[in-house]
Each structure stands twice: as C-alpha cells, then as structure tokens.
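Enquirer: Please see the structure below; I have some questions.
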Amino acid sequence: MKRKHPLRRIMIGVAATASGIVLLLALKQPGGSTVAGATAPPGAAAGASAGAAGATGGQALLGDAVNTQYGPVQVRLTMAGGKITRAEAVQAPGADARSKSITADAVPKLNQAAVTAQSAGIDAVTGASYTSKGYQESLQSALDKAGTGGTDTTGGTAATGGGAGGGSAEASGPDTGAGAGTGAGTGTGAGTGTGAGTGTGAAPRTVLGSPVDTQYGTVQVQITVADGKVTASDAVQAPSADARSKSITSGAVPKLNQAAVTAQSAGIDAVSGASYTSKGYQESLQSALDEAGL
C-alpha cells in the first residue's frame, strides 16, 4: 500500500480554495454597485445640487449703472414668476468713509423696499438722496429689461352689474378707475368699477440727454418721464474739476433740477453765478426732451 505525501494534499487544498475565491468574485462583480476608480469625487453631488438650485432660483437682471454725484449705483434683480424675489446694489458710492457709511445704511433699506413695492416707486432714504435716486433709476432699467415695467396695475378689473340683463362695466383708464355700464335687459348694468385704476399709468422711463461741453466741464442731464410729463430731472455729469466748480455745481444743479420739473421744458432761468453750467444744462435737457418726444 502506497503512502500519500502530506505536501501534495496541502497544494491541492490551496489550489481548490483559490479557484473558489476567483469563482465567487467573478459571480459578484456584475451585481456590484461601485467599481474602483468610478466613484464620483466628493464635491460632485454638492455641485449637482447647487446647479439644480440655480436652475430654479429665478432670472437675474442687471440694471444700468447710474452715475451720481458721489459715485455710480447699479442694481441687480432676481425675478421668479414675474415677481422680484431679491434686489441688491452691485455698485454703490464708497469712495470715502462717509460714502461707505451712508451706503451701508441706505442700500439694505432700498433692497427691501424694492422687493416689497415690486416696482421702482420706492421712497428715498433720508440722508442718502443721491444714492436713492440712482438706485431707483437703475432698478427701473432692470424692470424694463424684465418687461414688467414695475408691475403697475393700470387696467381695472371688470365690475358686473346685477339683473337678468347681466350688464357689465369694465374700469379703464390709467388713473380714473371709472366704469362705463353696458347692462342690458332688466339688469342695472351700472357696475361699480371702483377697484381699478389704482396704478400710475405707463411705467416711468429714463431718458439721457446729450453731453454738452462747457468752459468748466461737461454737463449731461437725465430725465424721468411718466404719462407724458417730466417727473424728475438730474445732472449725471456736471463741472467738478476743482473746489470752486464743485461748490458752484452743488448750489446750482438742485435748483436747475427743480426748475426743469416745474417748467416741463428747457425754458428755465439760469442760476446766478453758474451761467455756463446753466447753459449746458438747458441744452442737454432740451436734447433729452426731444428724445422723449416732449
């Protein structure tokens, strides 16, 4: 009888075990959920989530940059569903400590007011009139790009008269809100029509006049027009090359702005001591009026 060698048994056992492991791995691989080297980088899921949020976060609209006496103001809106969901100033005066302080106080209030009002018809912040004015104009330009016009509701809702005739009245007109009854039959048909016409008419628009060179610097006027009238006028450029020019400009421009709105024309008086600035203002104002068709 032959004696079996123990080493041979060990080798056969090792070979059988290795074959079994290979077979198990081969069977498991197709059903595995992750293959080495194909795992997503740690930031991929977060990036996908951020991308999805951005896709549904609304439309961003950048208004025009509006130059003010203390620096440019530019507003960016986020719109969703035809409404302003966010407003922020991407540019605001900050050339010195005082400007930075005023901006830090005024801009958050203006941002909130824009979202609340859903239009550029917001109040100026006390102590920040130039920044507020620039904000309003840039905000309006952003709304114009969105095609909302500030969401003014100039059209009235239809008022229905009672009675068998089913008379109806539709409130119309930009401001009157009066309903004209058309009821027939036994219905009253008068319609109340009082719930309409609360808007301010056509959305205001800004018109920039031509720059006019004077002996002391350039003058350029921008007007705001609503319902065929000048509702605001401002010099976006005025002489300021030296201390004296700045002093004259700060005294004359507010008076010229007020005179333009009051006169509704460029036929305004020159400010005493600022004849060159006044002349340039009048010419630029006239070009803005011509551009607006007034």
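Enquirer: Keeping to the stretch 83-124, report how many residues are more than 20 Å from Ala60 (Cβ to Cβ), open to solvent by 20 Å² or more (accessible area, probe 1.4 Å) and of a type in the set (A, V, I, L, M, F, W, C).
Expert: Qualifying residue count, the stretch 83-124: 5.
Enquirer: Also, quick follow-up: Against the condition assigned to a strand (DSSP E or B) and either without any contact (Cβ under 8 Å) to a residue 60 or more places away in the chain or closer than 20 Å to Thr68 by Cβ (or both), how does Asp213 come out, does it pass?
Expert: On the way: assigned to a strand (DSSP E or B): yes; either without any contact (Cβ under 8 Å) to a residue 60 or more places away in the chain or closer than 20 Å to Thr68 by Cβ (or both): no.
No, not satisfied.
Enquirer: For the stretch 227-245, give me each residue that is more than 17 Å from Ala263 (Cβ to Cβ) and assigned to a strand (DSSP E or B).
Expert: Result: Val236, Gln237.
Enquirer: Looking only at the stretch 196-219, filter to residues that are at pLDDT 85 or above, of a type in the set (Val, Ile, Thr) and more than 16 Å from Asp144 (Cβ to Cβ); which one of those is farthest from the chain's Cα centre (by Cα)? Don't jump to the end; show me each part of the working.
Expert: We begin by selecting, within the stretch 196-219, every residue at pLDDT 85 or above; these are 204-219.
From what's left, of a type in the set (Val, Ile, Thr): 206-207, 212, 214, 218-219.
Adding the requirement that they be more than 16 Å from Asp144 (Cβ to Cβ) leaves 212, 214, 218-219.
Numbers: Val212: 30, Thr214: 34, Thr218: 29, Val219: 27 Å.
Ranking the candidates gives Thr214 first.
Enquirer: Collect the residues in the stretch 262-294 that are assigned to a helix (DSSP H, G or I) and surrounded by fewer than 16 Cβ atoms within 10 Å (Cβ to Cβ), keeping them in residue-number order. Full working, then the answer.
Expert: As a first pass, look at the stretch 262-294 and keep what is assigned to a helix (DSSP H, G or I): 262-263, 275-292.
Thr262, Ala263, Ser275, Lys279, Asp290, Glu291 - these are the residues of the stretch 262-294 that are assigned to a helix (DSSP H, G or I) and surrounded by fewer than 16 Cβ atoms within 10 Å (Cβ to Cβ).
Enquirer: Also, quick follow-up: Look at Gln74 and say whether it is closer than 25 Å to Thr249 by Cβ, open to solvent by 20 Å² or more (accessible area, probe 1.4 Å), modelled with pLDDT of 95 or more and assigned to a helix (DSSP H, G or I).
Expert: Working: closer than 25 Å to Thr249 by Cβ: yes; open to solvent by 20 Å² or more (accessible area, probe 1.4 Å): yes; modelled with pLDDT of 95 or more: yes; assigned to a helix (DSSP H, G or I): no.
Considered against the rule, which asks whether it is closer than 25 Å to Thr249 by Cβ, open to solvent by 20 Å² or more (accessible area, probe 1.4 Å), modelled with pLDDT of 95 or more and assigned to a helix (DSSP H, G or I), Gln74 comes out as no.
Yes/no matrix, rows are residues, columns are (1) among the hydrophobic types (A, V, I, L, M, F, W, C); (2) within 22 Å of Val66 (Cα to Cα):
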{"position": "Gly228", "(1), (2)": "no, no"}
{"position": "Ala252", "(1), (2)": "yes, yes"}
{"position": "Thr262", "(1), (2)": "no, no"}
{"position": "Ser275", "(1), (2)": "no, no"}
{"position": "Gln282", "(1), (2)": "no, yes"}
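Enquirer: Could you check how many residues of the stretch 252-261 are of a type outside the set (A, V, I, L, M) and either open to solvent by less than 40 Å² (accessible area, probe 1.4 Å) or at positive phi (or both)? Even if it seems obvious, please write down each step before you answer.
Expert: Here is the first cut: in the stretch 252-261, the ones of a type outside the set (A, V, I, L, M) are 254-255, 257-258.
Next, only the ones that are either open to solvent by less than 40 Å² (accessible area, probe 1.4 Å) or at positive phi (or both) stay: 257.
Adding up the residues that qualify gives 1.
The values are calculated or read from the model by the stated rules, or taken from the named source; none is laboratory data. Worth saying up front: this structure is predicted, and the values here are computed from it rather than measured. Note: ideal-geometry Cβ built from the backbone for every residue, glycine included; neighbour counts use all protein chains shown. Each accessible area value is taken on the protein alone, full model and side chains, heavy atoms only, with ligands, DNA and RNA left out. Shrake-Rupley method; radii C 1.70, N 1.55, O 1.52, S 1.80 Å.
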